[in-house]
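Novice: After the structure tokens below, expect a handful of questions from me.
The values are calculated or read from the model by the stated rules, or taken from the named source; none is laboratory data. A quick note: this is a predicted structure, and the numbers were derived from the prediction, not measured. Here the Cβ positions follow ideal geometry from the backbone for every residue, glycine too, while neighbour counts run over all protein chains shown. What goes into the accessible areas is simple: the full protein's heavy atoms, side chains included, and nothing from ligands, DNA or RNA. Shrake-Rupley method; radii C 1.70, N 1.55, O 1.52, S 1.80 Å.
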Amino acid sequence: MGRSVVALEKGGDVGGTWYWNRYPGARCDVPSLEYSVPWDKELEQEWDWSERYSAQPEILSYIEEIARRHDLKRDIRFDTTVTAMARDNARKLWVVETEGKAVFEAPVVISAAGCLSTPNLPDIPGIETFARPIHHTGLWPHEPVSFEDKRVGVIGTGSTGVQASTAIAAEAGHLFVFQRTAQYSLPALNRSLTSEELAEAKADYATIRNHQRNSFGAAIIEPPKAMKAFDDNKEARFAEYERRWNIGRQDLLAAYADIGTDEQVNAEVSEFVREKIRGIVKDAETAERLCPSANPLGTRRIIMDTGYFEIFNQDNVSLVDIREDPIARIAETGVKLESGRYVELDMLVVATGYDAVTGPLLDMNITGREGVELAEKWKNGPETYLGLMMHGFPNLFTVTGPQSPTVHANVIMGIEQHVDWIGDCLAMMEREGIEEIEPEHQSELEWAKVVEAIGSANLRAKDTNNWYTGGNIPGKPRSFMTYQGGLDRYRAICDEIATNSYRGFQLSPAKASVEA
Ligand code: N01
């Protein structure tokens, strides 16, 4: 677009989530052929993904290659953390302060700070006294970490804890998995990609992209059977669950459209998954503890694993059920449970997730027009229009912001939609002589109703103890932080609003153009 741009990046290099998350076993749970940028047709043809689900090092080198091909690093200031940002009303500029570095000024700021990038460091009594190595998965060291002959504890059994535990179990002297809530996980069935598969995708990438852009989750997944689950007979239903379990994607969740909305249907599929766990884990007591029951299947981000439940058949792996026997405190050399049991550890891995979606924005201490603080505006939960902009914060755009689809769709395709929309908006502003754009407050209230209506219709609304609602962070207000209506529908809404003269936004002409 011929703009002058500077990108401020907290990390020491490109990669974002794939720069920080170097923990063992870190892998994408979206198929590699779909988890790639759709806008570089040469790279699409030249890059050969090695596995069905790529591991972190391969994705990081892919991102490195994008930066190299497009000479992106010259515009990025690495190791630059934004500490505060305020709108200077008089000069119509954002003034962006950074830790120990320069102050930057820009009429427009686009936050691409991510939605899972502010690590949640758990407030477990005594955690600061642990005197042996301790690593949060999202802040993993760049140097190799050896688990050999070590007693390693992993706290957390979300997507990250499951991946890390599976990899650490292969090396550690003994692994202790501290589980507070048992979770559903489906087999990823990861494997090498064949040259035929790569060739087939490359021959018709347009079809893959077209499907991604026009589908709910930007994912290639089998559509649900065209009937309510209980209108199908039991034998056919279980055959369908079994078939989808064996695909190695998230297809099981979509076997019937009412799995996400009908409690009884969901209960049947949840039990199907529990039976699978019981079939894998040999010790019946351990299997039962691993069986999720606190929430319906799919209300939390589904986990895709590569042999997770199987590790509990190894002699060097123990499950520590901290729902039944909670952690009392962490001491210098291990974890003390309320029962008095002491688990001595050489290393602690903290896989406790993120202050998701709003955390990265609030971390930047943003003050809008007339001194309004974002933290104050969002004290009861995020208020946005389309998850793209906030009233009172002119010319501040957010990518994968709260109340946008975020991780409910392949995030690369979600980012593409946001960036294209923002790019078109900036082009419109230039063309029309608009100096500032911001949504009306009323538009935010109406968007919140849309987000809530869709969210309430899903069983997810019944499970508020996870990052989708802010329930994973003590004291964080609970709200529907994501738009759950699908990327295809979301795209149509955003496009319609742009086509209708950016309905719901205030557009302020530049002074010069007013005078003209
Ligand atoms: O975090 P989580 P994550 N004491 O919040 C436990 C994406 N992702 O990093 O359930 C003890 O899901 C907590 O327990 P509970 C993906 O979108 C993608 O695993 O609250 N335990 C839970 O078990 C995912 O959803 C990939 O009872 C505590 C765990 O920590 C998102 O990132 C890979 C605790 C946190 O689970 C976040 O996943 C990895 C405490 N004080 C992640 N506090 C891909 O493959 C928290 N826990 C692309």
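Novice: Kirkwood Rh over Cα pairs of segment 127-350 into Stokes-Einstein at 37 °C, 0.692 mPa s: D in µm²/s?
Specialist: Values: Rh = 19.6 Å.
For the chosen part, D equals 168 µm²/s.
Novice: What's the angle, to the nearest 10 degrees (0 to 90), between helix 234-245's Cα axis and the longest principal axis of the chain?
Specialist: Helix 234-245 and the main axis of the chain meet at about 70 degrees.
Novice: Report, to the nearest 10°, how far helix 487-499 tilts away from the longest principal axis of the Cα atoms in the chain, using its own Cα long axis and a range of 0 to 90°.
Specialist: 10
Novice: From largest to smallest, what semi-axes in whole angstrom does segment 204-300 give when each is the square root of 5 times an eigenvalue of its alpha carbon gyration tensor?
Specialist: Values: eigenvalues 145, 55, 32 Å².
Computed over segment 204-300, the values are 27, 17, 13 Å.
Novice: Above 13 Å lies some portion of the pair distances; for segment 43-99, what is it as a whole percent of all C-alpha pairs?
Specialist: More than 13 Å apart: 74 percent of the Cα pairs in segment 43-99.
Novice: Related question: Tally up the carbon and sulfur contribution to the accessible surface of segment 3-52 as a whole percent, 1.4 Å probe, everything protein left in place. Write out the running numbers ahead of the final one.
Specialist: On the way: 1150 of 2270 Å².
Here carbon and sulfur together make up 51 percent of the probe-accessible area.
Novice: Follow-up question, since we're still on this one. Rounded to the nearest 10 degrees, what's the angle between the helix 411-432 long axis and the longest principal axis of the chain, both from Cα atoms, 0 to 90?
Specialist: Long axis of 411-432 versus the principal axis of the chain: about 10 degrees.
Novice: Of the listed pairs LYS202/LYS225; LYS92/LYS379; LYS379/LYS449, which have alpha-carbon separations greater than 24 Å here?
Specialist: Values: LYS202/LYS225 29 Å; LYS92/LYS379 26 Å; LYS379/LYS449 18 Å.
Violating the 24 Å Cα-Cα cut-off are LYS202/LYS225; LYS92/LYS379.
Novice: Please compute the alpha carbon radius of gyration of the chain, then divide it by the globular-protein estimate 2.2 N^0.38 Å. Two decimals is fine.
Specialist: After normalising by residue count via 2.2 N^0.38 Å, the value is 1.00.
Novice: How high is the relative contact order of segment 362-516, given as a whole-number percent (alpha carbon pairs under 8 Å, six or more residues apart)?
Specialist: 28
Novice: So, with a 1.4 angstrom probe, what is the percent of accessible area on segment 127-350 that is carbon and sulfur?
Specialist: For segment 127-350, the apolar C and S fraction of the accessible surface comes to 49 percent.
Novice: I've got another one for you. Would you work out the relative contact order for segment 127-350, in percent, from Cα pairs under 8 angstrom that are 6 or more residues apart?
Specialist: Relative contact order comes out at 35 percent.
Novice: Tell me, in nm to one decimal, what length is gained between TYR205 and SER50 on full extension, where the rule is 0.36 nm per residue of separation less the Cα-Cα distance?
Specialist: Difference between extended and current length: 54.1 nm.
Novice: Please work out the average accessible area per residue across the chain, using the 1.4 Å probe convention, and give it in Å².
Specialist: 45
Novice: Could I ask something else about it? Please label the shape of segment 156-228 as rounded, prolate or oblate, based on the square roots a ≥ b ≥ c of the eigenvalues of the alpha-carbon gyration tensor (a/c under 1.5 means rounded; beyond that, a/b larger than b/c means prolate, else oblate).
Specialist: Taking the square roots of the gyration eigenvalues as a ≥ b ≥ c, segment 156-228 is oblate.
Novice: Over all distinct Cα pairs, what is the inverse of the mean 1/r for segment 360-493, reported as the Kirkwood hydrodynamic radius in Å?
Specialist: 15.5
Novice: When the Kirkwood radius is taken over all Cα pairs of segment 442-516, what Stokes-Einstein diffusion coefficient follows at 37 °C and 0.692 mPa s, in µm²/s?
Specialist: Result for D is 221 µm²/s.
Novice: Considering only protein heavy atoms and a 1.4 Å probe, what is the carbon-and-sulfur percentage of the accessible area of segment 408-513? Working shown, then result.
Specialist: Numbers: 2500 of 4720 Å².
Answer for segment 408-513 is 53 percent, counting heavy atoms of protein chains only.
Novice: Direction-averaged shadow area of the convex hull around the Cα atoms of segment 140-192, nm²?
Specialist: Over all viewing directions, segment 140-192 projects a mean Cα-hull area of 4.7 nm².
Novice: So how strong a dipole does the chain carry about its Cα centre when Lys and Arg Cβ are +1 and Asp and Glu Cβ are -1, to the nearest 20 debye? Display every interim value, and only then the final one.
Specialist: Numbers: 54 positive and 79 negative charges, 123 e Å.
Charge dipole, the chain, about its Cα centre: 600 debye, nearest 20.
Novice: Distances longer than 19 Å among the Cα atoms of segment 2-107: what percent of all pairs is that?
Specialist: Everything past 19 Å amounts to 56 percent.
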